[in-house]
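Accompanying notes for the structure given below.
The numbers here are math on the coordinates, done by the rules we state, and not lab data. Because the structure is a prediction, the values reported are computed rather than measured.
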Amino acid sequence: MEGLRTVLAERISGQRAGIGDPQALVGEMRRTVPLVPLAGTGLWSARFGGVRWVCAFTDETALAHFAVRRAPGDRLTDYVALLGARIVDEILPTLDEPAGLAVDIASEDGAMFFPPVTGIVVDGTALDSGVAVEGGGHGR
């Protein structure tokens with residue numbers, strides 16, 4: 001799976017440089033198995049701009065940069081490897097608020113956010129879908 005993570009990082013770099021294909025980037029995110037740090041009994045996330053962002057990393061180096069900034073010292077960061085499609089199709093919809101995926105947030109030039117909008121998350125949880133979903137995300 002290491003090669004797939006490298007492809008995602010390359011697609012993110014291209015997109016940030018203004019030469020990427022957004023649909024190909026989303027497709028690659030869905031096919032990739034990023035590393036997601038654990039916090040307590042769930043996935044590590046942060047709230048910003050009214051969105052809960054589940055944080056994921058393209059490889060162990062990117063995760064290590066995050067871990068050093070978040071938990072300095074010799075503390076280990078536990079994580080799971082999850083298929084990107086599983087995160088956006090199955091996990092994000094179970095959260096009780098708008099949720100997206102943030103990739104490589106500790107990298108100044110490699111971070112990418114996949115917001116809770118149509119084409120990234122399931123339609124019923126996309127903020128731009130206009131459809132409210134019972135027991136999960138919200139449409140607005």
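In whole Hz, what ³J(HN,Hα) sequence does segment 82-98 give by Karplus (6.51, -1.76, 1.60; θ = phi - 60°), x for Gly and Pro?
Each residue of segment 82-98 in turn: 10, 4, x, 4, 5, 4, 7, 8, 10, 7, 4, x, 7, 7, 8, 7, x Hz.
In whole Hz and in residue order, list the ³J(HN,Hα) couplings for segment 22-34 that follow from phi through the Karplus curve 6.51 cos²θ - 1.76 cosθ + 1.60, θ = phi - 60°; x for Gly and Pro.
Rounded to whole hertz, the list is x, 5, 5, 5, 4, x, 5, 4, 5, 8, 7, 10, x.
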